[in-house]
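Visitor: Attaching a single structure in structure tokens format; questions to follow.
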Amino acid sequence: MDNLTVTTQQHPDGAVVTVAGEIDLDTCPALEEATLIIPLGGKTLELEMSGVSFMGSTGLNFLLKLRRRLAAEGGRLLITGLQTQPASLLRLTETDTLLTPDAAHS
């Protein structure tokens, strides 16, 4: 199992959370904690995942909950940089168009 590295950057129009490693049952709580402490107030949260080589069902559940939370706050979740395995998981579960709207146009 790879460790998870999470870095955050605040911007006037939102925040960017850069994730590297594997998102699974063991590492997901750290990622969730990092996103909970970011004050967004209706802005965009970009989750940059080009460094994520593996994401399990716990990670998928986290993304869905994060999207729901941001929508309830008037914000938006933007997922970028998906590698092959996480992108395949989203396609397999038919959540790709929900979590990565650009997928609907490709």
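We did not get these values from a lab; they are worked out from the coordinates using the rules stated. A quick note: this is a predicted structure, and the numbers were derived from the prediction, not measured. Using ideal geometry, Cβ is built from the backbone for each residue, glycine included, and neighbour counts are taken over all protein chains shown.
Visitor: For segment 19-29, what are the residues that are of a type in the set (A, V, I, L, M, F, W, C), surrounded by 14 or more Cβ atoms within 10 Å (Cβ to Cβ) and either touching a residue at least 60 places away in the same chain (Cβ under 8 Å) or part of a loop (DSSP other than H, G, I, E, B) (or both)? Walk me through it before giving the result.
Guide: Initially, segment 19-29 is screened for residues of a type in the set (A, V, I, L, M, F, W, C), giving 19-20, 23, 25, 28.
Retained after the next criterion (residues that are surrounded by 14 or more Cβ atoms within 10 Å (Cβ to Cβ)): 19-20, 23, 28.
Listed by number, the list holds a single entry, I23.
Visitor: While we're here: How many residues does segment 6-18 contain that are more than 17 Å from K65 (Cα to Cα), in a strand (DSSP E or B) and either over 13 Å from the mean Cα position of the chain (by Cα) or of a type in the set (A, V, I, L, M, F, W, C) (or both)? Spell out how you get there, then give the answer.
Guide: So in segment 6-18, the residues more than 17 Å from K65 (Cα to Cα) come out as 6-16, 18.
Imposing the further condition that a residue be in a strand (DSSP E or B) reduces the set to 6-11, 14-16, 18.
Narrowing further to those that are either over 13 Å from the mean Cα position of the chain (by Cα) or of a type in the set (A, V, I, L, M, F, W, C) (or both): 6, 9-11, 14-16.
Selection size over segment 6-18: 7.
Visitor: I would also like to ask the following. Hey, which of the helices (runs of 4 or more DSSP H) in segment 30-106, taking only ones fully inside, have at least 2 residues that are out of contact with any helix residue (DSSP H, G or I) (no Cβ under 8 Å at 6 or more places or on another chain), exposed (fewer than 14 other Cβ atoms within 10 Å of the Cβ) and among the acidic types (D, E)?
Guide: Working: elements: 57-72, 84-92, 96-99.
Output list is empty.
Visitor: Which of (1) among the aliphatic types (A, V, I, L, M); (2) over 11 Å from the mean Cα position of the chain (by Cα); (3) closer than 21 Å to Q9 by Cα does L98 not meet, given it meets every other one?
Guide: The failed condition is (3).
Visitor: Looking at this structure, is G41 touching a residue at least 60 places away in the same chain (Cβ under 8 Å) and over 24 Å from L92 (Cβ atoms)? Steps first, answer last, please.
Guide: Details: touching a residue at least 60 places away in the same chain (Cβ under 8 Å): no; over 24 Å from L92 (Cβ atoms): yes.
Against the criterion (touching a residue at least 60 places away in the same chain (Cβ under 8 Å) and over 24 Å from L92 (Cβ atoms)), G41 does not qualify.
Visitor: Let me ask another. Considering (1) under 22 Å from T5 (Cα atoms); (2) out of contact with any strand residue (DSSP E or B) (no Cβ under 8 Å at 6 or more places or on another chain), say which one L77 fails and leave the rest.
Guide: It fails just one condition, (2).
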